[in-house]
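Colleague: Let me begin by handing over the structure; questions about it come next.
The values are calculated or read from the model by the stated rules, or taken from the named source; none is laboratory data. Note that this is a predicted model, so its numbers are computed, not measured. Don't worry about glycine lacking a Cβ; one is built from the backbone with ideal geometry, like all the others, and counts go over all protein chains shown. Note: accessible area is taken over every heavy atom of the protein model, side chains too, but ligands, DNA and RNA are not part of it. Shrake-Rupley method; radii C 1.70, N 1.55, O 1.52, S 1.80 Å.
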2 protein chains.
Amino acid sequence: MSALPAEEGEPEPSRLDALFAPTSVAVLGASEDPAKWGNWLAVGALRGEHRRAVHLVNRRGGTVLGRRAFVSVAEIGQPVDLAVLAVPAESFEEAANDALDAGARALIGITTGKPAGTALLARIRESDAVLLGPNCMGVFDAATGLELVPEPLPAGPVAFLSQSGNLALELAAFMTDAGIGFSRFVSLGDQAELAAAALLRDLIDHAPTRAIMLYLEDFGDGRALASAAAAARAAGKRVLLLCPESSEAAQRAARSHTAALTSDAAAIDAACEAAGIERVRTLGELAALACAALAWPTPARGRRVGLVSDGGGHAAIASGCAERAGLEVPAVGPDTERRLREVLPQRAAVANPIDLAGDEVGGFARAAETLVASGEVDMLLVTGYLCGYERYGERAAAAELETIGRLAALARHTPMSVHTMHPDTRAARELRGTGVPVYRDVEAAVAALARIARPDVARGAGRVPLLPAPTVAFEDLGYSALRGSLARAGIPFIAAREVYSRGEALEAAADLGFPIVLKALGRLHKSDAGGVAIGLSDAGELEAAFEDMRVRLDPPAFSVERMADLAGGTEMIIGARWDPRFGALVMVGAGGINAEMLRDVAVALAPIDHDHALELLRRLRVAALLAGARGRPQLDVEAAAGALVVLSEVAAEHPEIAELEINPLLVCQGGVIALDARAVAREPLRL
Amino acid sequence: MSALPAEEGEPEPSRLDALFAPTSVAVLGASEDPAKWGNWLAVGALRGEHRRAVHLVNRRGGTVLGRRAFVSVAEIGQPVDLAVLAVPAESFEEAANDALDAGARALIGITTGKPAGTALLARIRESDAVLLGPNCMGVFDAATGLELVPEPLPAGPVAFLSQSGNLALELAAFMTDAGIGFSRFVSLGDQAELAAAALLRDLIDHAPTRAIMLYLEDFGDGRALASAAAAARAAGKRVLLLCPESSEAAQRAARSHTAALTSDAAAIDAACEAAGIERVRTLGELAALACAALAWPTPARGRRVGLVSDGGGHAAIASGCAERAGLEVPAVGPDTERRLREVLPQRAAVANPIDLAGDEVGGFARAAETLVASGEVDMLLVTGYLCGYERYGERAAAAELETIGRLAALARHTPMSVHTMHPDTRAARELRGTGVPVYRDVEAAVAALARIARPDVARGAGRVPLLPAPTVAFEDLGYSALRGSLARAGIPFIAAREVYSRGEALEAAADLGFPIVLKALGRLHKSDAGGVAIGLSDAGELEAAFEDMRVRLDPPAFSVERMADLAGGTEMIIGARWDPRFGALVMVGAGGINAEMLRDVAVALAPIDHDHALELLRRLRVAALLAGARGRPQLDVEAAAGALVVLSEVAAEHPEIAELEINPLLVCQGGVIALDARAVAREPLRL
């Protein structure tokens, strides 16, 4: 993995032009057999024949899909800009070389079951060409009419980069139902040469793309990907990510599927938070949020929802959904209630949620307009029978269309999400056409609004820290050396001395003062092995503990340490980890008994600054302890943040360290003190 | 609210016969106008004309829907068994009385906007008739061909009792898509006479009903409802409940919609757990789980999922969904891997999840059969392109149908849930027809399986405790009296003495021994007002604290108490509450600083027995503290459970108490000791 800044190694736009806007296309392995990739892709390529030359190549020559099939690329006799390689695994290298010989600047390697060879990759790089895949499903670009995919896809304003082809086909169905489509679809395959980060960066200035969806099993250069996503967000394009859970079976599936070098949940979530990437869990959610991303590229003003329904049950269910999703459905003030009473029938509920309770369809518009005018809501949620009134005859249908026009006008300035019992009517299509997201599931309608009120989305484009250049590696990750290194970096440790004999131990204890802690060194988890004795109050106790450990553990050395006063302070854990894709991560959590009960951890991409460290601390449940809840003293949060910053910097500068932990870090009223530390070296990465 | 056992007050079956299987029906307010309830219901009633006499009544006489319209019920001249009252609010009472005069044994009051009068209700009860509603949408019974509803509904094996009509219409659409329908639908309306509990109890022996869905805003006699649900579960009918969240806006909506006397989340969840009711959050989830309830009326053997897919992305996403939902997707053993290798192609992933990776459709059956034969999985999840192979021509379609047959055979003994990209194909309909749940959303397919592996479902029919008859009410809920009452019931309290002067305080302290706690009485929250002084170590400190409180608070009395040794023990809170619908609830949670950080509470319907108390304690995060984690001493969990049982019994026997709390209850190594208590009397219920 390279952790260079994203700008370097990024392809020039011209390189990707051959992939997305080729002047000519050749399909190698084009076939007449409707059960073969070579057939599906040739059919797709020919749909763009009016835009560019399309050549079909088949070893056996003859005719394919009514066109002459060339027996080789060479036989075409014209330059080939983009070559699609739908050939068997054993012919792949040869076909790729033939295409490069013919001047191809871009290659697409369809599903072959074999990785690309290193010689081929080297030649591709030398010739400044690009390779997509291999083992991918192809490319679709709506603006250039490029349809190198096995099934027709709906065109629209959303780009999709995916490590799965079948998921793209399923997503296409969800998107068609939602009335949206793809600006560009790239099946990533093995990412042997072209990786997600470069393709994502290319979308930042891609005018037809207004929102971006990702399905990734392996994040490649994770920092570069996160940086590109942050830049896309800054350019007003929301980035949605679906990836397998970090559970054991999901990881097993991903590794088997794309040989992915997978990252754990904390690493992915930390990267998403830094970049402003919005993570989703299913394809349905991806399509639903893509609609919302188009409608609302920027965060909402706040989280107050005005809710309008024509049924009490719908109002109640939607209110509960909204509040569960973290939105507010505030009761409106008396003035607004009065105004709503003026425009709605007697039976209507007007406190918010609004229940029109039998009013004609125009009540939706009157209620929504009144709510928006009040300034008491930041967004609108409409739920119920709207879009179904057209069933009651022409007059109702006309009134409904007029209502939809008025709602669409409101939606230009106030985010509006609609849930309807009738998602497939003319009225529903009309409403979708205005850009208002219309959902069949109330939960989806609510989730869409909740996203733009979420802090991580609301914060807008993120802060993806660059990894600094590695500094001189620590020579020794042993206990005493590590303590020394971290202390020099600025983390205060409890006074200690490494000793090798009972005599030295007694001498050290006399210098440090009783009570004393004795640790047997040379083991990563000292306390698990009975290698830590605390509260030794005199020389006799120290001698006994020393002898006990010497006999049981025979350690290479001991550490004699001053005993910290735990009363009044609280134990925390601070740590760092090197993720194969995202590099250094820093974490902070509750220590001691709370670590077990609370599972209370905050994680970020390292390095972090002081404000970010404070924010991570504030996020913990034990923030209450630090702040001095229930009459306890306020603890030194600033010092805890300072130690966290230092640890994050050390981790970021030391890629040779896989894991680094200070546990416990005692946070006191005046400062912090580290009581123990451990580190694990990173094994050389097998790639 | 009545908290009588469910058996009492339940209508005789014969009473409901007139509602669901009437010998004749009269629709009062029948209308020719297609925008009126009287039209929709008359149309629905006439669909059952071949089953029973249907009479239309309209004041103006003439003809309605091609039939003679009687000007009154009296004019019909034949007995009327069931009368549907679709008349304006002001005519409702008169129409109801007319119908009773004509011998009606059942009345349905459609949406009128007015509650039923007490005189009418009294007459209905006297005449042993039933009233559904008013303000309801009607009744549907598939077996008897009774369609007294405004829109046609799909017939099937699932009953639905609902306080919302629109939700039923929306649910009908979801159910139609899922290939299921209603055995019976009852729109509950105001529940002025017939309430959900009685209607639910009637479904237990209703043969056409194989699963039950509820939408409730007000639970009426909650214990009777829970008992009926538990009986239905015991009879093999799963009970699914949708109800508004206990959030502020949702409650506002429910109160406005049905004047519901709402219960909070903890009460509803405790009742659901006791009864084995499965709570859902949306209509989509309700329909999805109804399919599953039909397929799997009983719990699964375990939570191990065999996952079969034809795409790596689908396998990864589904695995993550399954593990997030609490299921396991275990790697299969080497023997099973080998057997899978024998029946699947080289490229297939065989560790579970299985990825067929390009095998023909029969691979689904071979993989699933091998997994089931291994005994290493308890359920099957199929995800991906299955049901779409028919697109690849007749041979593929035939192979797919054969595969579906083999899968259906497996599903007879092993729960199987299918997610498909192609939910609307012939193959999908075929598969649904065999009883296998088929979903468009992978999350729904997973959620269905997760439910039957959930402990609350797996435990099967529940344990709904009866409320005991109220005992003699406590005369005094003041601090010292309450301590005395609870101590007599069996909860040990710290030694204390109520005093009224400085002299008495000093005398009490001398008897109890320093250090001492002094509390100012007469306030519910003593510590918030500075009315508690702890650790007073001598007479001087006690005098000073006494004087300070006297001057600041002027309390009517003081309590002088022995100071408990908090070290080594842990503080808990135990409490009880009277819910207007479910009666007494008991709760236990972490105390002290943990109460704030953990929000760690378990709640149950009171009274509970000792085993149930232990189970509630085990559920808490602080169970780790009680069990003696990280070298701490093990605390007396049995004594804590004992105190909880006593408190639950006291609460159940004392409906005059709204809230009762012991906080803290100190749990030590040998026993528990209550350090403070408070109670709030229940205000007379306004109904």
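Colleague: Quickly run through the stretch B:136-170 and pick out the residues that are within 14 Å of chain A (Cβ to nearest Cβ), closer than 26 Å to residue B:295 by Cβ and charged (D, E, K, R).
Modeller: B:170, the sole residue that qualifies.
Colleague: So is residue B:548 in the same structural domain as residue B:675 (by TED's automatic domain parsing) and in contact with a Gly (Cβ under 9 Å, 6 or more places away or on another chain) or not?
Modeller: no
Colleague: Look through A:322, A:270, A:265, A:287 and report the one residue that is under 30 Å from residue A:212 (Cβ atoms) and away from chain B (no Cβ under 12 Å).
Modeller: A:270
Colleague: Tell me, which residue of the stretch A:467-487 that is over 15 Å from residue A:679 (Cβ atoms) and out of contact with any helix residue (DSSP H, G or I) (no Cβ under 7 Å at 6 or more places or on another chain) is least open to solvent (accessible area, probe 1.4 Å)?
Modeller: Selected residue: A:469.
Colleague: For the stretch B:290-310, which positions are open to solvent by less than 10 Å² (accessible area, probe 1.4 Å) and more than 16 Å from residue B:211 (Cβ to Cβ)?
Modeller: B:305, B:306, B:307, B:308, B:309
Colleague: List pairs: first residue in the stretch B:534-551 and closer than 10 Å to residue B:505 by Cβ, second residue outside any loop (DSSP other than H, G, I, E, B) and open to solvent by 70 Å² or more (accessible area, probe 1.4 Å) anywhere in the structure, Cβ distance under 6 angstrom, at least six positions apart or on different chains.
Modeller: B:546/B:502
Colleague: What strands (runs of 3 or more DSSP E) lie completely within the stretch B:178-271 and have 3 or more residues being among the aliphatic types (A, V, I, L, M)?
Modeller: By residue number, B:211-215, B:238-242.
Colleague: Among the strands (runs of 3 or more DSSP E) lying completely within the stretch B:488-561, list those that include at least 3 residues that are modelled with pLDDT under 95 and open to solvent by 70 Å² or more (accessible area, probe 1.4 Å).
Modeller: Those strands (runs of 3 or more DSSP E) do not exist here; none qualify.
Colleague: Same structure, new question: Suppose we filter B:367, B:348, B:396 for residues that are free of Cβ contacts under 8 Å to residues at least 24 places away in the same chain and among the aliphatic types (A, V, I, L, M); which single one remains?
Modeller: Unique residue meeting the criteria: B:348.
Colleague: With B:264, B:218 as the choices, which residue is closer than 26 Å to residue A:310 by Cα and surrounded by 23 or more Cβ atoms within 10 Å (Cβ to Cβ)?
Modeller: Of the residues listed, the single one that is closer than 26 Å to residue A:310 by Cα and surrounded by 23 or more Cβ atoms within 10 Å (Cβ to Cβ) is B:218.
Colleague: If you don't mind, there's one more thing I want to ask. Select from the stretch B:297-353 the residues that are of a type in the set (D, E, K, R) and not in a helix (DSSP H, G or I) and write down the one among them that is nearest to residue B:413 (Cα to Cα).
Modeller: Of the stretch B:297-353, the ones of a type in the set (D, E, K, R) are B:301, B:303-304, B:310, B:323-324, B:328, B:335, B:337-339, B:341-342, B:347.
Remaining after also requiring not in a helix (DSSP H, G or I): B:301, B:303-304, B:310, B:328, B:347.
Working: B:301: 11, B:303: 15, B:304: 15, B:310: 23, B:328: 19, B:347: 30 Å.
Across the stretch B:297-353, the extreme among qualifying residues is B:301.
Colleague: Check residue A:587 against each of (1) open to solvent by 30 Å² or more (accessible area, probe 1.4 Å); (2) farther than 15 Å from residue A:267 by Cβ; (3) in contact with a strand residue (DSSP E or B) (Cβ under 7 Å, 6 or more places away or on another chain) and name the one condition it does not meet.
Modeller: Evaluating residue A:587 over (1) open to solvent by 30 Å² or more (accessible area, probe 1.4 Å); (2) farther than 15 Å from residue A:267 by Cβ; (3) in contact with a strand residue (DSSP E or B) (Cβ under 7 Å, 6 or more places away or on another chain) leaves (2) as the failure.
Colleague: Hey, another quick one. Here is a list: B:343, B:350, B:382, B:377. Which entry is of a type in the set (Val, Ile, Thr) and within 23 Å of residue A:169 (Cα to Cα)?
Modeller: Just a single option satisfies the conditions, and that option is B:382.
Colleague: I've got another one for you. Would you check which residues across the stretch B:26-78 are part of a helix (DSSP H, G or I) and surrounded by 16 or more Cβ atoms within 10 Å (Cβ to Cβ) and list them?
Modeller: B:37, B:38, B:39, B:40, B:41, B:42, B:43, B:44, B:45, B:46, B:73, B:76
Colleague: If you don't mind, another one. Can you name every residue in the stretch B:77-101 that is in contact with a Pro (Cβ under 7 Å, 6 or more places away or on another chain) and in contact (Cβ under 8 Å) with a residue 60 or more places away in the chain? Write out each step before concluding.
Modeller: Initially, the stretch B:77-101 is screened for residues in contact with a Pro (Cβ under 7 Å, 6 or more places away or on another chain), giving B:81-82, B:92.
Across the stretch B:77-101, the qualifying residues are B:81, B:82.
Colleague: Oh, and also: Answer yes if at least one residue in the stretch B:290-302 is more than 8 Å from chain A (Cβ to nearest Cβ), among the hydroxyl-bearing types (Ser, Thr, Tyr) and farther than 25 Å from residue B:340 by Cβ, and no otherwise.
Modeller: Yes, the stretch B:290-302 contains at least one residue that is more than 8 Å from chain A (Cβ to nearest Cβ), among the hydroxyl-bearing types (Ser, Thr, Tyr) and farther than 25 Å from residue B:340 by Cβ.
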